[in-house]
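Below is one structure; the comments refer to it alone.
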Amino acid sequence: MPLPPIDHADATPDVRAVYDDIMATRNVPDVNNFWKMLAHHPATLARTWDSLKEVMAPGALDPLVKEMIFVAVSVTNGCQYCIRSHEAAARKAGMTDAQFGELLAVVGMANETNRLVHGYQVELDERLK
């Protein structure tokens, strides 16, 4: 039986502090279930939030590109929760239906060609080394 999510009202002070930072950073009224489950191990919750916040912060890649990459990896890994969560974030950052469709087409093509290369055991061309 899975553990129940830990709501803000039931959280320890250290977990509540992370929840408060997530809500403030993302400008949302509550944290999603991913964070509520990680709260069962406060150190993992804090570490994961700090890492995610750092990686997804503005940088050389714009926030939309980062969210679209997150969606692509989540599709490849089969993480329905992550697909939907980061699709919503990408849409909030401006992703259109057309972009989402192209993203999924690229993900599908990359997975297909990767499997073909793996199956045929294609050696890397000299010029690509």
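The values are calculated or read from the model by the stated rules, or taken from the named source; none is laboratory data. All values derive from a computational prediction rather than experimental measurement. Note that each Cβ is placed from the backbone with ideal geometry, even for glycine, and that neighbours are counted across all protein chains shown.
Suppose the filter is outside the structural domain of ARG115 (by TED's automatic domain parsing) and of a type in the set (Gly, Ala, Ser); does ALA88 pass it? Spelling it out, it is not the case that ALA88 is outside the structural domain of ARG115 (by TED's automatic domain parsing) and of a type in the set (Gly, Ala, Ser).
Hey, any hits in the stretch 10-22 for a residue that's among the polar types (S, T, N, Q), outside the structural domain of VAL106 (by TED's automatic domain parsing), exposed (fewer than 13 other Cβ atoms within 10 Å of the Cβ) and touching a helix residue (DSSP H, G or I) at 6+ places or on another chain (Cβ under 9 Å)? Scanning the stretch 10-22, I find at least one residue that is among the polar types (S, T, N, Q), outside the structural domain of VAL106 (by TED's automatic domain parsing), exposed (fewer than 13 other Cβ atoms within 10 Å of the Cβ) and touching a helix residue (DSSP H, G or I) at 6+ places or on another chain (Cβ under 9 Å), so the answer is yes. Across the stretch 92-118, what is the number of residues that are closer than 18 Å to ASP62 by Cβ and not aliphatic (A, V, I, L, M)? Within the stretch 92-118, residues that are closer than 18 Å to ASP62 by Cβ and not aliphatic (A, V, I, L, M) number 6. Taking residues in the stretch 78-95 that are surrounded by 15 or more Cβ atoms within 10 Å (Cβ to Cβ), and partners anywhere that are modelled with pLDDT of 95 or more and not in a helix (DSSP H, G or I), the pairs with Cβ atoms closer than 7 Å and at least 6 places apart or on different chains are SER85/ASN32. Close Cβ contacts (under 6 Å, 6 or more residues apart or on different chains) running from residues in the stretch 101-129 that are over 16 Å from VAL73 (Cα atoms) to residues that are surrounded by fewer than 10 Cβ atoms within 10 Å (Cβ to Cβ) and modelled with pLDDT under 95 are absent. When VAL75 is tested against (1) of a type in the set (Val, Ile, Thr); (2) over 29 Å from ILE6 (Cα atoms); (3) under 12 Å from the mean Cα position of the chain (by Cα), exactly one condition is not met: (2). Being assigned to a helix (DSSP H, G or I) and within 30 Å of PRO4 (Cβ to Cβ) holds for only one residue in ALA110, ALA105, ALA90, and it is ALA90.
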